[in-house]
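Visitor: Below is a structure I'd like to ask you about.
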Amino acid sequence: SAVISQKPSRDICQRGTSLTIQCQVDSQVTMMFWYRQQPGQSLTLIATANQGSEATYESGFVIDKFPISRPNLTFSTLTVSNMSPEDSSIYLCSVDRLAYNEQFFGPGTRLTVL
Amino acid sequence: GESVGLHLPTLSVQEGDNSIINCAYSNSASDYFIWYKQESGKGPQFIIDIRSNMDKRQGQRVTVLLNKTVKHLSLQIAATQPGDSAVYFCAENMETGANNLFFGTGTRLTVIP
């Protein structure tokens, strides 16, 4: 399985500020994704992080609010911009190595916005 | 819109019994399904997957059944152990050949010692 780390593991932020979450994988992966998991809820896909091109966002998520970078095949960042308390969630990255037909998740970043 | 959903939000079983967690999906174009286990404070952990050209797949103590006729997916856990207590999610790719996943609501499994 892929080893995925996320930084920070948790943070408490003030309304109106921005936070960048990092996702690092121990091997090159084809696909990287970002999910949001609101308290007590299931996971919702935010976007697919594409290496070398703009991320592909799902309905309800926009680049201005959740800018994503993917500079190489092992690293991606998600920024939560102009935060409000409604952005308090766990943010998870996942990776898909096609040869393994499995999608692995990072440990998540628990964000609280005051 | 089309979605993945679960019949039961909570399930309690006695240690040693078998557990069955169910999931209904509505997108006939989905061709890949995964079950995940999520323990408190952790990311989802892959349990088992199945493709639409199969109707059953077995792993260690787990079996996934896929009934495409009624668009139903189930996860069976044999000899349930306290360590199996977690929230279980089914996920589907919603589009033939797609890699991104869409998750169901989740079922909390509690194993009673």
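Visitor: Restricting to region A:1-26, name every residue that is within 14 Å of chain B (Cβ to nearest Cβ), in a loop (DSSP other than H, G, I, E, B), open to solvent by 70 Å² or more (accessible area, probe 1.4 Å) and not polar (S, T, N, Q).
Guide: Selection gives A:V3 alone.
Visitor: Look at A:Q37 and say whether it is within 14 Å of chain B (Cβ to nearest Cβ), buried (at least 19 other Cβ atoms within 10 Å of the Cβ) and polar (S, T, N, Q).
Guide: In short, yes.
Visitor: Give, as residue ranges, the strands (runs of 3 or more DSSP E) completely inside region B:35-113 that count at least 1 residues that are at pLDDT 95 or above and away from every other protein chain (no Cβ under 13 Å).
Guide: B:56-58, B:62-67, B:72-77, B:86-92, B:107-112
Visitor: Can A:A55 be described as within 11 Å of another protein chain (Cβ to nearest Cβ), surrounded by 13 or more Cβ atoms within 10 Å (Cβ to Cβ) and over 11 Å from A:C93 (Cα atoms)?
Guide: Taking the combined requirement at face value, the residue does not satisfy it.
Visitor: Does A:I68 satisfy the condition of being within 12 Å of chain B (Cβ to nearest Cβ) and either among the acidic types (D, E) or open to solvent by less than 40 Å² (accessible area, probe 1.4 Å) (or both)?
Guide: The answer is no for A:I68.
Residue by residue, here is whether (1) in contact with a helix residue (DSSP H, G or I) (Cβ under 6 Å, 6 or more places away or on another chain); (2) surrounded by 14 or more Cβ atoms within 10 Å (Cβ to Cβ); (3) aromatic (F, W, Y); (4) without any contact (Cβ under 8 Å) to a residue 40 or more places away in the chain holds:
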site: B:F33; (1), (2), (3), (4): no, yes, yes, no
site: B:P44; (1), (2), (3), (4): no, yes, no, no
site: B:I50; (1), (2), (3), (4): no, yes, no, yes
site: B:R108; (1), (2), (3), (4): no, yes, no, no
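Visitor: If you don't mind, another one. From the list A:V95, A:V80, which one is at pLDDT below 95, open to solvent by less than 40 Å² (accessible area, probe 1.4 Å) and among the hydrophobic types (A, V, I, L, M, F, W, C)?
Guide: Exactly one of A:V95, A:V80 is at pLDDT below 95, open to solvent by less than 40 Å² (accessible area, probe 1.4 Å) and among the hydrophobic types (A, V, I, L, M, F, W, C), namely A:V95.
Visitor: Another question about this same structure. If you check A:T74 against the conditions, is it under 24 Å from B:N93 (Cβ atoms), among the polar types (S, T, N, Q), more than 14 Å from every other protein chain (Cβ to nearest Cβ) and in contact with a strand residue (DSSP E or B) (Cβ under 6 Å, 6 or more places away or on another chain)? So that I can check it myself, show each step before the final result.
Guide: Values: under 24 Å from B:N93 (Cβ atoms): yes; among the polar types (S, T, N, Q): yes; more than 14 Å from every other protein chain (Cβ to nearest Cβ): yes; in contact with a strand residue (DSSP E or B) (Cβ under 6 Å, 6 or more places away or on another chain): yes.
Yes: the conditions hold for A:T74.
Visitor: Please verify whether B:I21 is open to solvent by less than 80 Å² (accessible area, probe 1.4 Å) and more than 17 Å from B:M94 (Cα to Cα), treating the condition exactly as stated. Reasoning before the result, please.
Guide: Details: open to solvent by less than 80 Å² (accessible area, probe 1.4 Å): yes; more than 17 Å from B:M94 (Cα to Cα): yes.
So B:I21 fits the description; yes.
The values are calculated or read from the model by the stated rules, or taken from the named source; none is laboratory data. Bear in mind the structure is a predicted one, so any value in this text is a computation, not a measurement. Note that each Cβ is placed from the backbone with ideal geometry, even for glycine, and that neighbours are counted across all protein chains shown. SASA here: full protein model, heavy atoms, side chains in, ligands and nucleic acids out. Shrake-Rupley method; radii C 1.70, N 1.55, O 1.52, S 1.80 Å.
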